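Notes to accompany the following structure.
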Amino acid sequence: MVDNDNLRSTKIALNNGSSAIPALGFGTLIPDPVATRTATKAALEAGFRALDASERYRNEKEVGEAMQEVFKAGKIKRAEVFVATKVWNNNHRPERVKPALEASLKRLQLDYADLYLIHTPFAFQPGDEQDPRDANGNVIYDKGVTLLDTWRALEGLVDEGKCKAIGLSDVSLDQAKQIFEAARIKPAVVHVESHPYLPEWELLDFCRKNGIVLQAFAALGHGMQPKLIEHPVITAIAKRVNKTPAQVLLAWAIQRGTALLTTSKTPSRIKENFEVSTLPEEAVREISEGIKSRVRFNAVVETGVPGFIPRKKGG
Ligand SMILES: NC(=O)c1ccc[n+]([C@@H]2O[C@H](COP(=O)([O-])OP(=O)(O)OC[C@H]3O[C@@H](n4cnc5c(N)ncnc54)[C@H](OP(=O)(O)O)[C@@H]3O)[C@@H](O)[C@H]2O)c1
């Protein structure tokens, strides 16, 4: 393994014709606001130049404060950071989309987003409640709006310069195809859970053929059981190439052609996760072909309700 190579600085061109997304991205799904601020700042200082936020994470304010702190220190400029955020399910009605992005931008202290994603393809009852439920505790969905209606509203935001690129999150291959075919402005990014237990090869192939970047979230398997960083294929490669298991997983994601998101509240891990470098091609193949179990950690694609699925150790 070459230690001073450029893998960590890989950028993937977007189909909007004007920008590129850093492959190695930092996600801000961190429940604690203080930890969000500290981790986001540490990620930027470690070298991450792509951030993923969402109105649903309820911490855009802290992400914005961390960015401002770093920008004001003068080492990094706004234009050097690729900032994505997402519209949540209660804001799918077209007339709610622009106010939702404007509110996110205000909290993030930005005047544009590099990428705006529809967080899930599920529309919930429109209103300010992010998790609307009926008397029995069931989610109240909104049948009065389609994913394409929401997409058209996002296209308008690109026209207005409020975001540079738009994309989909937590979609199936069929949903990605439908929007791609109908779109005036094609999705630039499809953001889904993906790692060696859920490689999404078919979706990746569709994205590659159509100039869309697949951004893989939970690139380390969200630290959940069965732990990817403890998988014998990963630990053996890590030992061989003198890198950590996390670094092996992140390098694999970039080398197979995806962008990725990883998250940590721990400063040493944030640094570790940025220090990725190129794996030998046979190691990339070994991971792609040698890990055959299939696990989805996050059930959000089934219902639109976020949540990683707890499993028993070894289960
Ligand atoms: N669109 C969606 O529906 C959706 C859903 C989920 C996630 N996302 C996005 O994707 C981002 C990444 O997802 P994720 O949080 O599942 O990422 P992940 O990197 O797969 O998992 C994060 C977990 O791994 C641990 N970890 C991080 N680095 C490590 C290392 N070097 N060694 C050992 N453990 C390590 C972290 O622990 P510590 O924090 O304790 O260090 C944390 O528990 C999120 O922040 C969010 O932006 C999107």
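The values are calculated or read from the model by the stated rules, or taken from the named source; none is laboratory data. Values in this document were obtained by computation on a predicted structure and should not be read as measured data. When we count neighbours, we look across all protein chains shown, and the Cβ atoms used for this are built from the backbone with ideal geometry, even at glycine. With ligands, DNA and RNA removed, areas are computed over all heavy atoms of the protein, side chains included. Shrake-Rupley method; radii C 1.70, N 1.55, O 1.52, S 1.80 Å.
Can you give me the number of residues within region 38-62 that are near the ligand (Cβ under 10 Å from one of its atoms) and crowded, with 23+ Cβ neighbours inside 10 Å?
Count: 4.
For every residue, the table says whether it meets (1) more than 13 Å from the ligand (Cβ to nearest atom); (2) under 30 Å from ASN273 (Cα atoms); (3) in contact with a strand residue (DSSP E or B) (Cβ under 7 Å, 6 or more places away or on another chain).
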site: PRO126; (1), (2), (3): yes, no, no
site: LYS164; (1), (2), (3): yes, yes, yes
site: GLY167; (1), (2), (3): no, yes, yes
site: ILE179; (1), (2), (3): yes, no, yes
site: ILE185; (1), (2), (3): yes, no, yes
site: VAL190; (1), (2), (3): no, yes, yes
site: PHE206; (1), (2), (3): yes, yes, no
site: VAL213; (1), (2), (3): yes, yes, yes
Practice prompt. Search region 70-93 for residues that are in a loop (DSSP other than H, G, I, E, B) and pair each with any residue that is at pLDDT below 95 when their beta-carbon atoms are under 8 Å apart and the residues are at least 6 apart or on different chains.
Written response: none
Worksheet item: Condition test on ASP114, is it modelled with pLDDT of 95 or more and surrounded by fewer than 16 Cβ atoms within 10 Å (Cβ to Cβ)?
Response: no
Fill in: Test set (1) within 14 Å of the ligand (Cβ to nearest atom); (2) over 17 Å from VAL81 (Cα atoms); (3) of a type outside the set (Gly, Ala, Ser) - LEU24 fails condition number
(2)
Practice prompt. Please indicate, with yes or no, whether at least one residue in region 263-276 is touching a residue at least 40 places away in the same chain (Cβ under 8 Å), charged (D, E, K, R) and either open to solvent by less than 30 Å² (accessible area, probe 1.4 Å) or within 20 Å of ASN6 (Cβ to Cβ) (or both).
Written response: yes
Worksheet item: For region 216-309, list the helices (runs of 4 or more DSSP H) that sit wholly inside it and hold at least 1 residues that are among the basic types (Lys, Arg) and within 7 Å of the ligand (Cβ to nearest atom); which are they?
Response: 267-274
Fill in: Matching residues in region 184-196 - criterion: being open to solvent by 10 Å² or more (accessible area, probe 1.4 Å) and either at pLDDT below 95 or hydrophobic (A, V, I, L, M, F, W, C) (or both)
ILE185
Response to the item:
Apart from one, (1) more than 16 Å from the chain's Cα centre (by Cα); (2) under 23 Å from GLY307 (Cα atoms); (3) open to solvent by less than 40 Å² (accessible area, probe 1.4 Å) all hold for ALA216; the odd one out is (1)
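Per-residue answers, yes or no, for (1) of a type in the set (Gly, Ala, Ser); (2) within 16 Å of the ligand (Cβ to nearest atom); (3) open to solvent by 20 Å² or more (accessible area, probe 1.4 Å); (4) touching a Lys or Arg at 6+ places or on another chain (Cβ under 7 Å):
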| residue | (1), (2), (3), (4) |
| --- | --- |
| ARG78 | no, no, yes, no |
| TRP88 | no, yes, no, yes |
| PRO94 | no, no, yes, yes |
| PHE122 | no, yes, yes, no |
| ARG133 | no, no, yes, no |
| VAL145 | no, no, no, yes |
| LEU148 | no, no, yes, no |
| ASP159 | no, no, yes, no |
| ASP170 | no, yes, no, no |
